[in-house]
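Structure first, then comments.
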Amino acid sequence: VQLQASGGGLVQAGGSLRLSCADSGRAFSISVMAWFRQAPGKEREFVAAISWSGARTDVTDSVRDRFTISRDNAKNTVYLQMNSLKPEDTAVYYCAQGSGWGNKRGFGDYEYWGQGTLVTVSS
């Protein structure tokens, strides 16, 4: 498994970005995929997760009305559409891969991690 995240950058408050995470492995279509983020000086936190089929999603309250997670199993890619961005969304965003759908919001619930992509939201 090799996860490659991309799509980060500098955006003004209120703007949008779409993050992508491509998986070079063979188990993508049966894996739970997630996004976490880590702001400077803070712990890594859960953002969103999506089941293998895409039928189920779990999004943290602070971004639920602004962020959307989706996946394209034909492209082995998971996305995070981020709208109405705020300065407090500034962080390095990581994609992660795990197995088995459930209440999985912890760092230890995922086996594989991408390298992270930096999102900076200016005020």
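The values are calculated or read from the model by the stated rules, or taken from the named source; none is laboratory data. This is a predicted model, so every value here is computed, not measured. So basically every Cβ, Gly included, is an ideal-geometry build from the backbone, and we count neighbours across all protein chains shown. Just the protein is used for accessible areas: all its heavy atoms, side chains included, with ligands, DNA and RNA removed. Shrake-Rupley method; radii C 1.70, N 1.55, O 1.52, S 1.80 Å.
Summary of computed values
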{"quantity": "S123, sole failed condition from (1) in contact with a helix residue (DSSP H, G or I) (Cβ under 6 Å, 6 or more places away or on another chain); (2) under 16 Å from A5 (Cα atoms)", "calculated": "(2)"}
{"quantity": "Residue list for the range 65-77, filter: assigned to a loop (DSSP other than H, G, I, E, B), surrounded by 13 or more Cβ atoms within 10 Å (Cβ to Cβ) and out of contact with any Phe, Trp or Tyr (no Cβ under 7 Å at 6 or more places or on another chain)", "calculated": "R66"}
{"quantity": "Those residues of the range 93-123 which are open to solvent by less than 40 Å² (accessible area, probe 1.4 Å) and among the aliphatic types (A, V, I, L, M), in sequence order", "calculated": "A96, V119, V121"}
{"quantity": "Residue that is farthest from A5 (Cα to Cα), among those in the range 78-92 that are crowded, with 18+ Cβ neighbours inside 10 Å and of a type in the set (S, T, Y)", "calculated": "T90"}
{"quantity": "Members of the range 44-64 found to be β-branched (V, I, T) and open to solvent by less than 60 Å² (accessible area, probe 1.4 Å), listed by number", "calculated": "V47, I50, V59, T60, V63"}
{"quantity": "Matching entry among Q97, Q115 (being in contact (Cβ under 8 Å) with a residue 12 or more places away in the chain and out of contact with any helix residue (DSSP H, G or I) (no Cβ under 9 Å at 6 or more places or on another chain))", "calculated": "Q115"}
{"quantity": "The range 1-58, residues that are touching a Ser or Thr at 6+ places or on another chain (Cβ under 7 Å) and assigned to a loop (DSSP other than H, G, I, E, B)", "calculated": "Q2, G7, G8, A13, G14, S31, A39, W52, G54"}
{"quantity": "Restricting the range 1-43 to residues that are more than 12 Å from the chain's Cα centre (by Cα) and basic (K, R), the residue that is least open to solvent (accessible area, probe 1.4 Å)", "calculated": "K42"}
{"quantity": "Residue in the range 103-111 that is under 20 Å from Q4 (Cβ atoms) and either out of contact with any strand residue (DSSP E or B) (no Cβ under 8 Å at 6 or more places or on another chain) or of a type in the set (D, E) (or both) present", "calculated": "yes"}
{"quantity": "Residues that are under 14 Å from the mean Cα position of the chain (by Cα), farther than 15 Å from V11 by Cβ and polar (S, T, N, Q), drawn from the range 77-102", "calculated": "T77, Q97"}
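Yes/no per residue for (1) out of contact with any Lys or Arg (no Cβ under 6 Å at 6 or more places or on another chain); (2) more than 20 Å from T90 (Cβ to Cβ); (3) at pLDDT below 95; (4) aromatic (F, W, Y):
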{"position": "G8", "(1), (2), (3), (4)": "yes, no, no, no"}
{"position": "S16", "(1), (2), (3), (4)": "yes, no, no, no"}
{"position": "A22", "(1), (2), (3), (4)": "yes, yes, no, no"}
{"position": "A27", "(1), (2), (3), (4)": "yes, yes, yes, no"}
{"position": "P40", "(1), (2), (3), (4)": "yes, no, yes, no"}
{"position": "A49", "(1), (2), (3), (4)": "yes, yes, no, no"}
{"position": "D61", "(1), (2), (3), (4)": "yes, no, no, no"}
{"position": "D65", "(1), (2), (3), (4)": "yes, no, no, no"}
